[in-house]
Amino acid sequence: MKKSHFCDAEPAPAFSNLPSVSLSQLAMISINIRSLLWLSAIFRVILIVYGEWQDSHMEVRYTDVDYLVFSDAASLMASGDSPYKRTTYRYSPLLAFFLIPNSIIHRSWGKFLFSASDLLVGVFIHSILKLRKVPEDLCMYSAVVWLFNPFTFTIGTRGNCEPIVCAMILWIIICLLKGNVLQAAFWYGLVVHFRIYPIIYVLPIILILDPLFFRSGLKPRLQNWSSRQDKTLRSSNKVTDQYDLWKALKTVFSKERVMFGLVSGAVFLSCTGLFFYLYGWEFLHEALLYHLTLQLVLIFRFAQDLPFCLFMQTVAFVAFNKVVTAQYFVWFFCLLPLILPWSNMKLKWEGLSCILVWIGAQLHWLMWGYLLEFKGKNVFLQLWLAGLLFLAANTFVLIMITCRHTYSPVFQRLGHPTLKNAEKNN
């Protein structure tokens, strides 16, 4: 049985047992990313229109209840009131501002906005993988995992704002890959203000802004994808892990790290200060303090493999959070396509077992939630047990993905004359 770098085995292409015919067919039909996006866009428009019909004719509404909260808050803001007069609105005022056209143009404006962000995530997934020289067929396959995932295309069309956050996070990764630290810092400060949970990514980002990879006037050198990683490269990574950590501690206040901290902090504090001035403590409590938690998991081990580190952090954060809703799954689904090309997991049976275990546990959990929320049945005990089962399923999938992943640092080291001279003197 093949295992990952963590289990001392040879790496292989993502889902290596996927029939070659499938990938060749994908190439033969010549579906480019633009065609894929048009198909995805048409599909989402149909879902939004269908959602309007379901809301009017069926007991269970298609539209997310949070969308009604967003719309009410936007209407209050449009009339000059505080959006926090709407009970349970616990988001940045920016979200309500974006949805003001709901009460001017059409009530589905926000759904189209969120679905457009959803499509943008697909574009960014393709762009990130192309930057790392992943073959086009794998880029397309990875984009399909997001664009035609039932958990993701329903989130935006039901009126949930998470695709906006996902798009900003992937754009931050693109900025870092291109060496645009200032731009990455701006968007990071904005996304943390908009939705507090991306604050868990600050340590991996700070760690990867190492002088070994980032230097003024030079673009970082990317570690490109290959179907077979060089054994000597992997063994050297093992040996130098402690050396890299020591170097990181000695250069903790590098120019790039300080600049990223100052710019992202300034953007976050500016947005927060402005809305605190406008809406007071009510904004601070509802939008930020209500959600605040921190978790430090997996960072130092995987920080250099940034997309994988962010994915693992997000899955762990969602799985072990006190509150879980289906919309949280989108947080890590947008990162999943970025790690597939480096996965050794066999679609049959390992991949299928992970998919079936996770979907089965979630549907079981959602069933008891439906009986409690919509039917008013006393199923608290069953829902609690279903939650424990779902936690076990998430943990199982997390372990499987970790063991089948090939550790691949994003950047290659840049030559640094001063460091070389210091090493010679030592």
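Numerical summary
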item	result
Unit charges at the beta carbon, dipole of segment 301-426: most positive-side option, Gln327, Phe317, Gly376	Phe317
Residue order for Tyr197, Tyr370 - accessible surface, 1.4 angstrom probe, largest first	Tyr370, Tyr197
Full-extension gain in nm, Met367 to Ala326, via 0.36 nm per residue minus C-alpha separation	13.5 nm
Segment 127-230: relative contact order as a whole-number percent, Cα under 8 Å and 6+ apart	31 percent
Euclidean distance between Cα centres, segment 171-214 to segment 260-282, Å	17 Å
Solvent exposure ordering (accessible area, 1.4 Å, most first) of Ser115, Ser56, Ser353	Ser56, Ser353, Ser115
Sequence of Val357, Val69 when ordered by accessible area, the most exposed leading, probe 1.4 angstrom	Val357, Val69
Calculated from backbone phi, Karplus (6.51, -1.76, 1.60) coupling profile of segment 387-393 in Hz, x at Gly/Pro	x, 5, 5, 5, 4, 4, 5
Relative packing of peptides 100-109, 319-328 - highest average C-beta neighbours within 10 Å first	100-109, 319-328
Hydrodynamic radius by Kirkwood, which averages 1/r over all alpha carbon pairs of segment 69-133, in angstrom	13.1 Å
Length-normalised contact order for segment 71-148 - Cα pairs under 8 Å, 6+ apart - percent	22 percent
Lys377-Asn32 FRET efficiency (beta carbon distance; Förster radius 56 Å; 0.05 resolution)	0.70
Which of Ser75, Leu147, Phe112, positive extreme of dipole for segment 64-158 (C-beta unit charges)	Ser75
Cα-based shape type of segment 74-196, given that a ≥ b ≥ c are square roots of the gyration tensor eigenvalues and the cut on a/c is 1.5	oblate
Hull volume in cubic angstrom per residue (convex hull over the Cα atoms of segment 352-419)	146 Å³
Tensor-based shape of segment 118-158 (alpha-carbon gyration tensor, a/c under 1.5 rounded, otherwise prolate or oblate)	prolate
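The values are calculated or read from the model by the stated rules, or taken from the named source; none is laboratory data. For clarity, every value in this text was computed on a predicted model and none was experimentally measured. As a convention, Cβ positions derive from the backbone with ideal geometry for all residues, glycine included, and neighbour counts pool all protein chains shown. Calculation scope for accessible area: heavy atoms of the full protein, side chains included, ligands and nucleic acids excluded. Shrake-Rupley method; radii C 1.70, N 1.55, O 1.52, S 1.80 Å.
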